[in-house]
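Engineer: Please find one structure pasted underneath; my questions will follow.
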């Protein structure tokens, strides 16, 4: 009888232990995806990667840590800097390990949870697998996924952080990619002056309003509000003899020659230089080009066939409007800043 | 009113009938009743018209139709979504069923399936490649991990088959590299297949025992429709060339050939 009682007590103990494990730090998190009211539901829904504060923080550590590069010289943040809307430090092409340059301008990172594809040519189909390109490209971080997993598993800081975030003893590539996706999908910019105006909290100046009207008439077809992209691929007439075939590389369809993804224009003031190869250094150059610098070719977007034909004054008004898309709460958000390792 | 009542009764009876039918189909014998056994599918890779050459890493083989002398340094491919069908029509389905068969890793040439209910099995259903769902669902693990070097990062999708090595061209050694993939639309090469166990190769799973299925695999069928490596020595993306090698004209390529690419030779 006594033995049975002891066994019973022991069983109870086991059960209670198990319960405690289940409500461990991960489920205690009250950390949520901050859905802006003016945006649709995001494309990425964290289905296989539940968002937690620990997961997000781990992603943030990783994003800023040069451990992810071959020679520990650069991190994601080297070419995606918060002050520049998570684009590079105002240089056309980015420098990877061994001082190798890529061929395309590092895109600004924001509102990625709404994006259905990634990279200038849309070759990547999911936010979780996007980092595979920069991590393993010899022009970027130059690592292999297998070696990254080995390095992280030797690192006591990350062993602890991955265990806290995902409850795993051994770090694998999936968890690394999940952590990065938790950070990058939370980079949400939705609080520019434009958003304040749309919410009725403030109003545009006359010139901003003039620019907004022109923008709606001439630009919003592709740079669709409120995310300022329609996620399509278009040839904007930069050249007629293509150095970079763009989307055709992915689809192998000549109809996609010279097409690149329409980038968002949020925080565009901070993300210069512009275009897929960073060839235009300021917004004045971009508007001048779109007005009367378009090169014709078979795949040129029909909306740009004859250029936008904007006067200098109209171009200036559009530029003034575009600066209302600058979100200082985004580029200054301490949640996104380089973490201090305690 | 009466007719309504009658039809309700009829519908109810029909639903009951359907439900019970369905139940009967999906009932799998409980382990306690008949016990569970294992199946080991052992793949031996061959070359030649009659599978007369053994394919191994580093050993030259000659293609019987194209005459090419090929020495493989790498040969890997995915087998996935394995299901075994019992004589009574019920299925045993492997969960998280993704395997990389790698000629350089002897262990990977034996696909081991355990905890199958004992009984007679008529066929194994499987897929060459990785289903489209896993190609579009983000970061994966196990055989589908990005560390396995079987994934295109720049154009998201699994490399379903990787064959690399050298060939003789006028006594010179030249490189070949075939990375075959494509999971959607016109580029889709993912192929569902069935291996039949009957007659001399009937498969019986016995409690606590392992049944061994011997299968001969002939990757030479990659070139059933594709030209000589002297003409085409590299494929690095989904498209027409990958389809020609994997599926072939008339479905006679390596992934699809119903008779000769995967042949059950013995069951023990």
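Engineer: Just name the residue that is nearest to the chain's Cα centre (by Cα) out of those in segment A:247-262 that are more than 14 Å from chain B (Cβ to nearest Cβ) and surrounded by fewer than 21 Cβ atoms within 10 Å (Cβ to Cβ).
Structural biologist: Out of the qualifying residues, it is A:262.
Engineer: Same structure again: Restricted to segment A:124-140, and to residues that are under 15 Å from residue A:103 (Cα atoms) and within 17 Å of the chain's Cα centre (by Cα), which residue is surrounded by the fewest Cβ atoms within 10 Å (Cβ to Cβ)? Can you show your working first?
Structural biologist: So the first thing to find is which residues in segment A:124-140 are under 15 Å from residue A:103 (Cα atoms), and the list is A:133-134, A:137-140.
So of that shortlist, the ones also within 17 Å of the chain's Cα centre (by Cα) come out as A:133-134, A:140.
Numbers: A:133: 19, A:134: 24, A:140: 24.
Only one residue tops the list, namely A:133.
Engineer: Let me ask another. Would you check if residue A:290 is surrounded by fewer than 21 Cβ atoms within 10 Å (Cβ to Cβ), outside any loop (DSSP other than H, G, I, E, B) and either more than 14 Å from chain B (Cβ to nearest Cβ) or touching a residue at least 12 places away in the same chain (Cβ under 8 Å) (or both)?
Structural biologist: Working: surrounded by fewer than 21 Cβ atoms within 10 Å (Cβ to Cβ): no; outside any loop (DSSP other than H, G, I, E, B): yes; either more than 14 Å from chain B (Cβ to nearest Cβ) or touching a residue at least 12 places away in the same chain (Cβ under 8 Å) (or both): yes.
Answer is no for this residue.
Engineer: Related question: Could you go through segment B:163-175 and let me know if any residue there is surrounded by fewer than 17 Cβ atoms within 10 Å (Cβ to Cβ), closer than 30 Å to residue A:130 by Cα and out of contact with any strand residue (DSSP E or B) (no Cβ under 8 Å at 6 or more places or on another chain).
Structural biologist: Within segment B:163-175 (the criterion being surrounded by fewer than 17 Cβ atoms within 10 Å (Cβ to Cβ), closer than 30 Å to residue A:130 by Cα and out of contact with any strand residue (DSSP E or B) (no Cβ under 8 Å at 6 or more places or on another chain)), the answer is no, since none of the residues qualifies.
Engineer: Against the condition surrounded by 20 or more Cβ atoms within 10 Å (Cβ to Cβ), in a strand (DSSP E or B) and out of contact with any helix residue (DSSP H, G or I) (no Cβ under 8 Å at 6 or more places or on another chain), how does residue B:120 come out, does it pass?
Structural biologist: On the way: surrounded by 20 or more Cβ atoms within 10 Å (Cβ to Cβ): no; in a strand (DSSP E or B): yes; out of contact with any helix residue (DSSP H, G or I) (no Cβ under 8 Å at 6 or more places or on another chain): yes.
Against the criterion (surrounded by 20 or more Cβ atoms within 10 Å (Cβ to Cβ), in a strand (DSSP E or B) and out of contact with any helix residue (DSSP H, G or I) (no Cβ under 8 Å at 6 or more places or on another chain)), residue B:120 does not qualify.
Engineer: Something else about it: Considering only helices (runs of 4 or more DSSP H) fully contained in segment A:19-114, which possess at least 2 residues that are modelled with pLDDT of 95 or more and in contact with a helix residue (DSSP H, G or I) (Cβ under 8 Å, 6 or more places away or on another chain)? Can you show your working first?
Structural biologist: Numbers: elements: A:25-28, A:53-63, A:76-79.
Here the list reads A:53-63, A:76-79.
Engineer: Kindly provide the set of residues from segment A:115-130 that are within 8 Å of chain B (Cβ to nearest Cβ) and more than 13 Å from residue A:260 (Cβ to Cβ), ordered by number. Spell out how you get there, then give the answer.
Structural biologist: At the first step, the residues of segment A:115-130 found to be within 8 Å of chain B (Cβ to nearest Cβ) are A:119, A:123-129.
Matches in segment A:115-130: A:124, A:125, A:126, A:127, A:128, A:129.
Engineer: Answer yes or no: is there a residue in segment A:142-152 that is under 16 Å from residue A:276 (Cβ atoms), assigned by TED's automatic domain parsing to the domain that holds residue A:42, at pLDDT 95 or above and surrounded by 22 or more Cβ atoms within 10 Å (Cβ to Cβ).
Structural biologist: Here is the first cut: in segment A:142-152, the residues under 16 Å from residue A:276 (Cβ atoms) are none.
No, that holds for no residue.
Engineer: Let me ask something else. Right, residue A:133: within 12 Å of another protein chain (Cβ to nearest Cβ), within 14 Å of residue A:62 (Cα to Cα) and not in a loop (DSSP other than H, G, I, E, B) or not?
Structural biologist: Working: within 12 Å of another protein chain (Cβ to nearest Cβ): yes; within 14 Å of residue A:62 (Cα to Cα): no; not in a loop (DSSP other than H, G, I, E, B): yes.
So residue A:133 does not fit the description; no.
Engineer: Looking only at residues in segment A:47-64 that are over 16 Å from residue A:164 (Cβ atoms) and away from every other protein chain (no Cβ under 14 Å), which one is farthest from the chain's Cα centre (by Cα)?
Structural biologist: A:64
Engineer: Being under 22 Å from residue B:246 (Cα atoms), at pLDDT 95 or above, within 14 Å of another protein chain (Cβ to nearest Cβ) and assigned to a strand (DSSP E or B) narrows it down to one residue among B:158, B:167, B:126, B:77; which is it?
Structural biologist: Working: B:167 fails: within 14 Å of another protein chain (Cβ to nearest Cβ); B:126 fails: within 14 Å of another protein chain (Cβ to nearest Cβ); B:77 fails: within 14 Å of another protein chain (Cβ to nearest Cβ).
None of the others qualify; the one that does is B:158.
Engineer: Report, ordered by the first and then the second residue, all pairs with beta carbons closer than 6 Å, sequence separation of six or more or different chains, a first member in segment B:192-218 that is within 13 Å of residue B:36 (Cβ to Cβ), and a second member that is assigned to a loop (DSSP other than H, G, I, E, B).
Structural biologist: So the pair list comes out as B:205/B:118; B:206/B:118; B:207/B:35; B:207/B:118.
The values are calculated or read from the model by the stated rules, or taken from the named source; none is laboratory data. Because the structure is a prediction, the values reported are computed rather than measured. Backbone-built Cβ (ideal geometry, glycine too); neighbour counts: all protein chains shown.
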